Amino acid sequence: MTRVISVVSGKGGVGKTTLTANLGVELANHGHDVLLIDGNFSGANMSQHFGLGFQGTSLNDVLNGEAYITQAVSKHPEGVSILPASVMEFSASQENLKHSIVEFLGTKDFVLVDAAAGTDDEVQAAIETSDEVLLVAHPELPSLTNCLGAKKLAEQLEKDVLGVALNMVRDEKNEVKEQDVEELLEEEIIGKVPDHRDVREGIALRKPVVSHKPKSDVSWRIKELAHELKDEKVPQRPLKYRIKSKARNISLI
C-alpha cells in the first residue's frame, strides 16, 4: 500500500524541501519506489535540488487539466520520480491535487508531498492529499509556534502526525531544548538533522547530500529518519565514522 506523507513546517526557511528531497532519495536507496511532489505552487523549487531546470510540463498543468500526470512525472538518476511544480507559474487548481494523483499511486511505496510554508490553501491541499504528516521545524520559538499551527491544521483534517523532524540543528545554547519542543508540539522528535556545510555543498551541486556525502553525519541522520518513518530499528553507525563526524562537525558547524 502506498504511503502518502505531506511534509509541512508552518514556516519557511527551515530546509523542508532539502530534507524532503534527501529523505526521498534515502528511501529509494532502501529499495522503495518513491515519488516526490512539489506541493508549493507559489514557490516551487524541488526540481532545482535535482538540477532539472525548467520543465516543460509541470504539476500546475496537471491540476489545471492541461496535461496527464504521466506527462509531468520524470524519473531521476537518483532513483526517485519527481512531479515538479512550475517555477514560472504561481497558481493552480489546488483542489484537484488529490484527484489528479490518486490513480497514479498504486505502483508507489512512498509519495512525499513537499508542502508550502504556512497554513493557507496550498498547505491544506497538500495535507488533504496525504494520509500522514511529517512536521519539520528549526529548534527556535518562531519556527516551533508556526509548526504548531500546521499540526493543528493536520489534526483538523484528521491526518496522522508521524512526529517532528528538527532540521538545521546547530546544538547552540539558545536553541529550544528537545524536551521543550516535544512538550510544546505534543509530538515526539523522530529526527534531528544538523546544519552542515555538506548540505549546502549538495544544494550548490544540485545533488542530495545523501548521495554527495553519504558517510557524513547529516546523511546518517537522514538515514535514521528514513528508518523511523518505516518503524524499523535504526542501524548502529560504525564507531570510526561516529568519531570522525564528531570531530569534523566541531570544526565545520
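The values are calculated or read from the model by the stated rules, or taken from the named source; none is laboratory data. Predicted, not measured: the structure shown is a model, and the values here were computed from it. Note that we place each Cβ from the backbone using ideal geometry, even for glycine, and neighbour counts take in every protein chain shown.
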Subject >> Selection within segment 189-208 - of a type in the set (A, V, I, L, M) and assigned to a helix (DSSP H, G or I) >> reply: Val199, Ile203, Ala204, Leu205
Original post:
On the given criteria, is Glu172 closer than 18 Å to Arg221 by Cβ and surrounded by 14 or more Cβ atoms within 10 Å (Cβ to Cβ)?
Top reply: no
Original post:
Pairs under 8 Å by beta carbon, first residue without any contact (Cβ under 8 Å) to a residue 24 or more places away in the chain in segment 179-202, partner part of a strand (DSSP E or B), six or more apart or different chains?
Top reply: Glu182/Val164; Glu182/Ile189
Subject >> Pairs where the first residue, in segment 62-84, is within 17 Å of Asn45 (Cα to Cα) and the second is surrounded by fewer than 19 Cβ atoms within 10 Å (Cβ to Cβ) and of a type in the set (Asp, Glu), C-beta under 9 Å, 6+ apart >> reply: Val80/Asp33; Ser81/Asp33
**OP:** Scan Glu66, Glu78 and give me the residue that is out of contact with any helix residue (DSSP H, G or I) (no Cβ under 6 Å at 6 or more places or on another chain), at pLDDT 80 or above and assigned to a loop (DSSP other than H, G, I, E, B).
**Re:** Glu66
**OP:** Quickly run through segment 168-188 and pick out the residues that are part of a loop (DSSP other than H, G, I, E, B) and either closer than 28 Å to Ala125 by Cβ or within 16 Å of the chain's Cα centre (by Cα) (or both).
**Re:** Glu186, Glu187, Glu188
**OP:** Looking at (1) among the basic types (Lys, Arg); (2) buried (at least 16 other Cβ atoms within 10 Å of the Cβ); (3) over 19 Å from Ala117 (Cα atoms), find the lone condition where Lys159 falls short.
**Re:** (3)
Original post:
Just checking, how many residues over segment 20-47 are in a helix (DSSP H, G or I) and either under 12 Å from Leu83 (Cβ atoms) or β-branched (Val, Ile, Thr) (or both)?
Top reply: 4
Original post:
Does Lys192 satisfy the criteria of being modelled with pLDDT of 95 or more, under 24 Å from Gly10 (Cα atoms) and among the charged types (D, E, K, R)?
Top reply: yes
Subject >> Extreme residue, farthest from Leu83 (Cα to Cα), among residues of segment 120-167 that are without any contact (Cβ under 8 Å) to a residue 12 or more places away in the chain and not in a helix (DSSP H, G or I) >> reply: Glu158
